[in-house]
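Derivation of every value follows stated rules applied to the coordinates shown; laboratory data play no part. Quick caveat: nothing in here was measured; it's all calculated off a predicted structure. Cβ coordinates were reconstructed from backbone atoms using ideal geometry, including for glycine residues, and neighbour counts include every protein chain displayed.
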Amino acid sequence: MVAGKIRDYIDSHLGDNHLEDEFSLDKIARELNYSKFYMERVFSEVIGTTIYKYISIIIVQNTIYQQYYYNISIPDTQEKTYFNKAKNFNFL
């Protein structure tokens with residue numbers, strides 16, 4: 001149940017590309033009212049990967065999808081996704 005809520009939150013924020021400046025484990029924990037340590041432990045046990053790795057996978061999948069199905073160039077894809085800010089490269 002907890003892992004599903006976390007996944008749903010991530011998917012809803014990444015899937016629609018309406019990412020705010022702060023998209024972090026702390027932000028997710030605040031929004032869902034869970035301890036970030038509890039969330040990470042439960043998510044990893046149920047989903048089989050860490051929250052950050054899951055987020056990275058979703059970002060890359062969304063980027064590939066946009067490039068393949070909409071024939072969007074890499075620079076254009078970068079502008080429309082989470083890669084639009086240099087600091088976000090460090091996230092991955």
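May I ask for the net charge around V46, where only other residues with Cβ less than 12 Å from the Cβ of V46 are counted and Lys, Arg are +1 while Asp, Glu are -1?
+1
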Exercise. In nm, to one decimal, how far is the D8 label point from the I74 one, both placed 7 Å along Cα→Cβ?
Worked result: 3.8 nm
Exercise. If you take the beta carbon distance between M1 and Q66 as r and set R0 to 41 Å, what does 1/(1 + (r/R0)^6) give as a FRET efficiency, to the nearest 0.05?
Worked result: 0.85
Exercise. Residue by residue through region 37-53, which ³J(HN,Hα) values in whole Hz follow from phi under the Karplus form 6.51 cos²θ - 1.76 cosθ + 1.60 (θ = phi - 60°), with glycine and proline marked x?
Worked result: 6, 5, 4, 4, 5, 5, 4, 4, 5, 7, 7, x, 8, 6, 4, 5, 5
